[in-house]
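Below is a structure I'd like to ask you about.
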Amino acid sequence: MRIVFLGAPGSGKGTQAEKLMTKYDVPHISTGDLLRAAVADGTELGKKAKTAMDAGELVSDDIVIGMIRERLKDDDAQKGFILDGFPRSHAQAAALDEMLAQEARPLEKAVHLAVDNDEIMSRLMARKRADDNEETIRHRLKVYEDQTHPVINYYAAQAKLATVTGIGNMDEIFGRIEQAIGV
Ligand code: AP5
């Protein structure tokens, strides 16, 4: 299984990626989780990322592409991966394709979880992560529309896009995803 999850902040990418990992034993790789770990550890990379994350901006492409390049070399990722929160820009999507082409293991599917902004706002306001305050959520949604939403078209053009309604019961959504990726 080699898939990416696309979708706005709070669309359920992390939740559904965890469920896939548990059932199919394929690593769930979240750039948000990797960056938060680097911030918590106080690494140089974490220091560079923190300002952008606090503001709801994207961390620079070179940082996240480098992080994913290294993570995909790990043993557990040789059997496949579920990427969550990456790619988030056209440059990241193109870099991922290039990395995978070098290893002759192309991406199979890009799953887009479609959720409206009112639902997202109510989910994230209820969660209370450091970047889950109203102003930052609104900015993250704008950044998503401007920079990440175009990635959906990138995968549509490759006929790899599967759009799944991300509203409703989590198990039902999971069933829709399994159907969409054909497992
Ligand atoms: P990241 O950690 O990726 O945050 P995000 O995209 O804002 O996504 P979330 O984790 O908020 O949402 P999710 O879609 O995973 O939903 P979840 O399952 O958690 O990124 C954080 C920051 O890091 C970015 O702003 C950026 O600065 C930086 N960054 C990360 N990747 C980057 C990249 N590639 N390039 C540059 N910068 C990058 O669910 C959300 C909530 O909803 C939870 O409380 C959950 O329980 C609930 N929920 C889930 N499903 C349902 C459901 N069906 N019904 C009701 N509630 C639900």
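The values are calculated or read from the model by the stated rules, or taken from the named source; none is laboratory data. The shown structure was predicted, so the numbers you read here are calculated from the model rather than taken from an experiment. Note that each Cβ is placed from the backbone with ideal geometry, even for glycine, and that neighbours are counted across all protein chains shown. The accessibility values were calculated without ligands, DNA or RNA, using every heavy atom of the protein model including side chains. Shrake-Rupley method; radii C 1.70, N 1.55, O 1.52, S 1.80 Å.
Along its three principal axes, how long is the range 51-150 when you only count alpha carbons? Whole Å, largest extent first please.
Sorted largest first, the three principal extents are 42, 27, 25 Å.
Using the Karplus curve 6.51 cos²θ - 1.76 cosθ + 1.60 with θ = phi - 60°, what ³J(HN,Hα) values do you get for each residue of the range 107-116, in whole Hz, with x for Gly and Pro?
3J(HN,Hα) across the range 107-116, in whole Hz: 4, 8, 8, 10, 9, 9, 8, 9, 9, 6.
How big, in percent, is the set of alpha carbon pairs in the chain lying more than 27 Å apart?
23 percent
From the phi angles alone, apply the Karplus equation (6.51, -1.76, 1.60; θ = phi - 60°) to the range 54-71 and give each ³J(HN,Hα) in whole Hz, x where the residue is Gly or Pro.
4, 8, x, 8, 7, 6, 4, 4, 4, 5, 6, 5, x, 4, 5, 4, 5, 5
Then there is this: What are the residues whose amide H is under 5 Å from the amide H of Arg88, where those residues sit 5 or more places off or on another chain and H is modelled from the backbone?
When sequence neighbours closer than 5 places are left aside, the close amide H contacts are Ala93.
Determine the order of Asp25, Asp118 by accessible area, beginning with the largest, at a probe radius of 1.4 Å.
On the way: Asp25 100, Asp118 125 Å².
Result of the area sort, largest leading: Asp118, Asp25.
Okay, moving on. Checking the table Lys50/Lys160; Lys23/Lys160; Lys48/Lys160 against a 30 Å threshold on Cα-Cα, which pairs fail?
The pairs that break the limit, which is 30 Å between Cα atoms, are Lys50/Lys160; Lys48/Lys160.
Separate question: What are the residues whose amide H is under 5 Å from the amide H of His112, where those residues sit 5 or more places off or on another chain and H is modelled from the backbone?
Leu6, Ala162, Thr163, Val164
No solvent, one uniform scatterer per C-alpha: report log10 I(q)/I(0) for the range 61-103 via the Debye equation at q = 0.18, 0.35 1/Å, two decimals.
-0.47, -1.43
What is the Cα radius of gyration of the range 104-143 over 2.2 N^0.38 Å, N being its residue count?
Working it through for the range 104-143, the quotient is 1.57.
Now for a separate question. Figure the gain on full extension for Tyr24 and Asp118 (residue separation times 0.36 nm, minus the Cα-Cα span) and round it to one decimal in nm.
Between Tyr24 and Asp118, full extension yields an extra 30.7 nm.
Run the helix sum for the chain: -39,500 (n - 2.57) per DSSP H stretch of 4+ residues, divided by residue count, reported at 222 nm to the nearest 500 deg cm²/dmol.
One gets -17000 deg cm²/dmol as the mean residue ellipticity at 222 nm.
Roughly what percent of Cα-Cα pairs across the range 1-86 reach past 20 Å?
35 percent
Averaged per residue, what accessible surface does the range 1-59 expose to a 1.4 Å probe, in Å²?
Here the residues of the range 1-59 average 44 Å² of exposed surface.
Could you give the length gained by full extension between Met170 and Glu145, i.e. 0.36 nm per residue of separation minus their alpha carbon distance, to one decimal place? Please list the in-between numbers first.
Values: separation 25, 0.36 × 25 = 9.00 nm, distance 2.42 nm.
That pair, Met170 and Glu145, stretches by 6.6 nm at full extension.
Quote the charge dipole size of the chain about the Cα centre in Debye, to the nearest 20; the model charges only the Cβ of Lys and Arg (+1) and of Asp and Glu (-1). Don't skip to the answer; put the middle values down first.
Numbers: 24 positive and 30 negative charges, 24 e Å.
Charge dipole, the chain, about its Cα centre: 120 debye, nearest 20.
Using a 1.4 Å probe over the heavy atoms of the protein chains, calculate the carbon and sulfur portion of the accessible area of the chain as a whole percent.
51 percent
Calculate, in nm to one decimal, what Arg105 and Asp76 gain on full extension: separation in residues at 0.36 nm each, minus their alpha carbon distance. It would help to have the intermediate numbers written out before the result.
Details: separation 29, 0.36 × 29 = 10.44 nm, distance 1.47 nm.
Here the segment from Arg105 to Asp76 would lengthen by 9.0 nm.
Roughly how many Å is it from the Cα centre of the range 11-52 to that of the range 74-114, as a whole number?
Between the Cα centre of the range 11-52 and that of the range 74-114, the gap is 15 Å.
Using a Förster distance of 22 Å, how high is the FRET efficiency between Arg69 and Lys48, based on the Cβ-Cβ distance and rounded to 0.05?
0.85
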